[in-house]
Every structure is written in structure tokens, then in C-alpha cells.
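A.B. asks: The structure that follows is given in the form of C-alpha cells.
The values are calculated or read from the model by the stated rules, or taken from the named source; none is laboratory data. Because the structure is a prediction, the values reported are computed rather than measured. Because the Cβ atoms are built from the backbone with ideal geometry, glycine has one as well, and the counts that use them run over all protein chains shown.
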Amino acid sequence: MLPLQGLTVVAVEQAVAAPFCTARLADAGAEVIKIERPEGDFARGYDAVAAGQSSYFVWLNRGKTSVTLDLGSEAGKARLSDLIAGADVLVQNLKRGALARLGFDPFALRTANPRLITCSITGYGEEGPFADRKAYDLLIQAESGLCSITGGPGEPARVGVSLVDIATGATAHAAILEALIRRGVTGEGAAISVSMFDVMADWLTVPLLNHEGGRTPQRVGMAHPSIAPYGIFTAKDGAQILISVQSDREWRALCATFLGKPELGLDPRFATNVARVAHRDETDGAVAEGFARMTEDEATAALLEADVALAAVNDMAGLSAHPHLRRITVGTPNGPVSYPAPGPLWYGEDRAYGDVPALNPSA
């Protein structure tokens, strides 16, 4: 039996954040009823690379049942009311207040049915000066300051995936699971609100505290603002390798085994991480000299011998062919699509993943 088997989730959702959350609930066995407008979730049209379908939609809507409703009509509202009446959880990410204006205020629904768990995902929350603004992933990346610490020194950059949406969906998922655990003990549901801006502000705590402590983070590309050496170095054959030295013990091992200069491990300019960051150019220069003497294979072998963390600087072709990549295959209206498996592994259990629903205007 799957962990959430027997639970019913109604999802008035679109785009990425809420679908990410409810896809994980569906993976765990919940019946997820996805409410789509007559023209469908607009994420269905984001691209056409997954067997002619949107990669976003195929990724985030496996295992759900799609029900198309015109919520501007009385028939559509009546159908949604019936679905919510039989639900354990309601998830929605319409613009703030939109569902309430249709007659389905999540807080009122929770009052009428104390066991119901509602989760509303918005850009800026239920109140405050920005509450009525539209919000999408990149907008919040910019507004929160995330872009200011992403990229190289020249200009801010977008994180290369929909980080805000994914973080918000994961936060909503965790909150719903907390509410389900509590309901199992007390019988009481919950009214949850998750703001994309709040989630990203939480995730930006460390750079914010550094700024407020007088050390405003700078964009350093593939280096680390607080740790050295932690960045990309080039081997003799041109290969790029990212290394991370997390402790002074690891630094001494790097100096002795990889650089062949154990004395640098105790040099006051480099002996502690604080000192290495203060002398970053010299630190990186010493490490770069070591890389310049070795090929990629030689450098990798020496780093592994020194027990220093390293990674290849891959692209999507590298990920696609990566020996460590786990995949699942899901059914879609256009045939099976293979993509990366969810992170959790349940040992002793074989997880199956449901199909991606077609848009059914007559539903």
C-alpha cells in the first residue's frame, strides 16, 4: 500500500509550483484530480519536446486525473463543489483571491469542513503591499535578489531551472504532509498559505545575513563566496574540473597528495578557510599550477586519492549519458516518455508512476 493511498486531492492548478507539489502526492498514492480550464493548463503549451508535448506538463502531471471545468459557469462551479466535498486536500495556485471570488474561499471551505486541508500557493501571500501582483518564477528570482548573486561578475543571471517554483512546490508538499500527520492525530485539517517570495527569502537567509553583517555577496560565477578553494580548474588537456575543499584537513591533504607541497597546508596564508578566502587569488593560483601539470584522468585520480570532492562540469548531454542517472518511464497521450526518477528510493518496494492525462474538454 502506498503511503497516501485512499486520499483524494483536488488541484485547481497551473504552471509549475502547485503541479510539482501534487505530482509528489500522486506518486505516493493519492488520487489527484487536476482541474483544468477548457483550454487546458497553459503549461501544456510551454514547449513540444516530449513526444510532441510539453516537457513541463509531462514531468509534473503524471498520475493525475484531468477534469476540465469552466469555473465561470454554474455547472462548472457545481461540479467543483462536489469534488471538494469528497476531498481530503485542496491545492490551488490561482491569483490571490481568485478562487474565493468564484465562491470557493479556501479558508471558508476549511471552516465548513474541519478535516479538509487547504493549501494556497501565491506569489506574495494573502496580504501585504505586493499581494495582488502576478508572480512567476523569474519575476521572484529577480524580486527576491536571487539573480543578484547568480552568474558571473558582469551581470545578474537566472538560475537555469525554475528554482522558485520547484522550491515552493516542495515547501507546499512538506506542509501538506505535516498537516496530514497532525490530522491523523487530532482529526483537524489545516489552512495553509505558501508564498513564492517567502520561500525564496527563506532560502536566501545566508546571503542576506552576510549582507546585513557587512559582507554583501558578490557574483563569483562557479566559485564559492565563502569557501576556498572551491571552483573550476583546468587540467593540462583542457578538461575542466570543479573541486570543493570544505575543511582545513582537506586542504592539507590536497597540498600533500595533489600539489606535492605539504608546506602550503600549514602556511599562515592558507592554513584556515578564512585565510584562504582572504588570499583567494594566491590559493587558486597554487591549485591551478597543480592542475596544469596533469591530464584530466591524472588529476581525477590524484584528487580521489587525496579524498577531495570533485565533479565534472557537465552539460545536458553529459547528464543524459551519465552512468549515475536513474530514470522512470511514464505513459503519455503520445506514447512513453523517459526522464529522471524522483529522488526518494523506497527499498523493498517497487514504485509505479501513473500516466500523464490528456486534455478532455468533455469531462
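A.B. asks: Does residue 140 satisfy being within 19 Å of the chain's Cα centre (by Cα), in contact (Cβ under 8 Å) with a residue 12 or more places away in the chain and assigned to a helix (DSSP H, G or I)?
C.D. replies: Working: within 19 Å of the chain's Cα centre (by Cα): yes; in contact (Cβ under 8 Å) with a residue 12 or more places away in the chain: yes; assigned to a helix (DSSP H, G or I): yes.
Yes.
A.B. asks: State whether the residues of segment 68-85 include one that is part of a helix (DSSP H, G or I) and under 23 Å from the mean Cα position of the chain (by Cα). Steps first, answer last, please.
C.D. replies: Initial filter on segment 68-85 (part of a helix (DSSP H, G or I)): 74-85.
Next cut, under 23 Å from the mean Cα position of the chain (by Cα) only: none.
No, every residue in segment 68-85 fails to be part of a helix (DSSP H, G or I) and under 23 Å from the mean Cα position of the chain (by Cα).
A.B. asks: Okay, next question. Hey, can you tell me all the residues within segment 353-363 that are of a type in the set (Gly, Ala, Ser) and at pLDDT 90 or above?
C.D. replies: Residues of segment 353-363 of a type in the set (Gly, Ala, Ser): 354, 358, 362-363.
Selection gives 354, 358.
A.B. asks: Only one residue in 2, 25, 94 is touching a residue at least 24 places away in the same chain (Cβ under 8 Å), surrounded by 14 or more Cβ atoms within 10 Å (Cβ to Cβ) and not assigned by TED's automatic domain parsing to the domain that holds residue 180, so which one is that?
C.D. replies: Details: 25 fails: not assigned by TED's automatic domain parsing to the domain that holds residue 180; 94 fails: not assigned by TED's automatic domain parsing to the domain that holds residue 180.
Testing whether each residue is touching a residue at least 24 places away in the same chain (Cβ under 8 Å), surrounded by 14 or more Cβ atoms within 10 Å (Cβ to Cβ) and not assigned by TED's automatic domain parsing to the domain that holds residue 180 leaves just 2.
A.B. asks: Taking into account only those residues within segment 218-241 that are crowded, with 17+ Cβ neighbours inside 10 Å and over 25 Å from residue 147 (Cα atoms), which is farthest from the chain's Cα centre (by Cα)?
C.D. replies: Step by step, filter segment 218-241, then rank; the result is 235.
A.B. asks: Would you pick out the residues in segment 41-61 that are buried (at least 20 other Cβ atoms within 10 Å of the Cβ), in contact with a Gly (Cβ under 9 Å, 6 or more places away or on another chain) and small (Gly, Ala, Ser)?
C.D. replies: 54
A.B. asks: Cβ-Cβ under 7 Å, sequence separation 6+ or interchain: first residue in segment 275-299 and in contact (Cβ under 8 Å) with a residue 12 or more places away in the chain and under 17 Å from residue 242 (Cβ atoms), partner in a helix (DSSP H, G or I) and basic (Lys, Arg). Which pairs?
C.D. replies: Note: pairs meeting the criteria are 283/276.
A.B. asks: Moving to a separate point now. Which condition does residue 147 not pass, out of (1) assigned to a helix (DSSP H, G or I); (2) more than 14 Å from residue 219 (Cα to Cα); (3) within 17 Å of the chain's Cα centre (by Cα), if it passes all the others?
C.D. replies: Evaluating residue 147 over (1) assigned to a helix (DSSP H, G or I); (2) more than 14 Å from residue 219 (Cα to Cα); (3) within 17 Å of the chain's Cα centre (by Cα) leaves (2) as the failure.
A.B. asks: State whether the residues of segment 36-57 include one that is closer than 30 Å to residue 206 by Cβ, touching a helix residue (DSSP H, G or I) at 6+ places or on another chain (Cβ under 9 Å) and assigned by TED's automatic domain parsing to the domain that holds residue 172. Walk me through how you get there before you give the answer.
C.D. replies: Filtering segment 36-57 down to residues closer than 30 Å to residue 206 by Cβ leaves 56.
Checking the rest, the ones that are also touching a helix residue (DSSP H, G or I) at 6+ places or on another chain (Cβ under 9 Å) come to 56.
Those still in the list that are assigned by TED's automatic domain parsing to the domain that holds residue 172 too: 56.
For segment 36-57, residues closer than 30 Å to residue 206 by Cβ, touching a helix residue (DSSP H, G or I) at 6+ places or on another chain (Cβ under 9 Å) and assigned by TED's automatic domain parsing to the domain that holds residue 172: present.
A.B. asks: Would you say residue 197 is surrounded by fewer than 20 Cβ atoms within 10 Å (Cβ to Cβ) and hydrophobic (A, V, I, L, M, F, W, C)?
C.D. replies: On the way: surrounded by fewer than 20 Cβ atoms within 10 Å (Cβ to Cβ): no; hydrophobic (A, V, I, L, M, F, W, C): yes.
It is false that residue 197 is surrounded by fewer than 20 Cβ atoms within 10 Å (Cβ to Cβ) and hydrophobic (A, V, I, L, M, F, W, C).
A.B. asks: Farther than 30 Å from residue 128 by Cβ and free of Cβ contacts under 8 Å to residues at least 40 places away in the same chain, is that true of residue 79? Full working, then the answer.
C.D. replies: Numbers: farther than 30 Å from residue 128 by Cβ: yes; free of Cβ contacts under 8 Å to residues at least 40 places away in the same chain: yes.
So residue 79 passes the test.
A.B. asks: Also, quick follow-up: Residue check: is residue 108 surrounded by 14 or more Cβ atoms within 10 Å (Cβ to Cβ) and either within 29 Å of the chain's Cα centre (by Cα) or not in a loop (DSSP other than H, G, I, E, B) (or both)?
C.D. replies: no
A.B. asks: Restrict the check to segment 290-299 and report whether at least one residue is under 25 Å from residue 318 (Cα atoms), touching a strand residue (DSSP E or B) at 6+ places or on another chain (Cβ under 8 Å) and among the charged types (D, E, K, R).
C.D. replies: yes
A.B. asks: Give the number of residues within segment 37-67 that are in a loop (DSSP other than H, G, I, E, B), in contact with a strand residue (DSSP E or B) (Cβ under 9 Å, 6 or more places away or on another chain) and either of a type in the set (A, V, I, L, M) or touching a residue at least 24 places away in the same chain (Cβ under 8 Å) (or both).
C.D. replies: 8
A.B. asks: Can you pull out every residue in segment 316-352 that is part of a strand (DSSP E or B), in contact (Cβ under 8 Å) with a residue 24 or more places away in the chain and of a type outside the set (Ser, Thr, Tyr)?
C.D. replies: Hits for segment 316-352 are 328, 330, 337.
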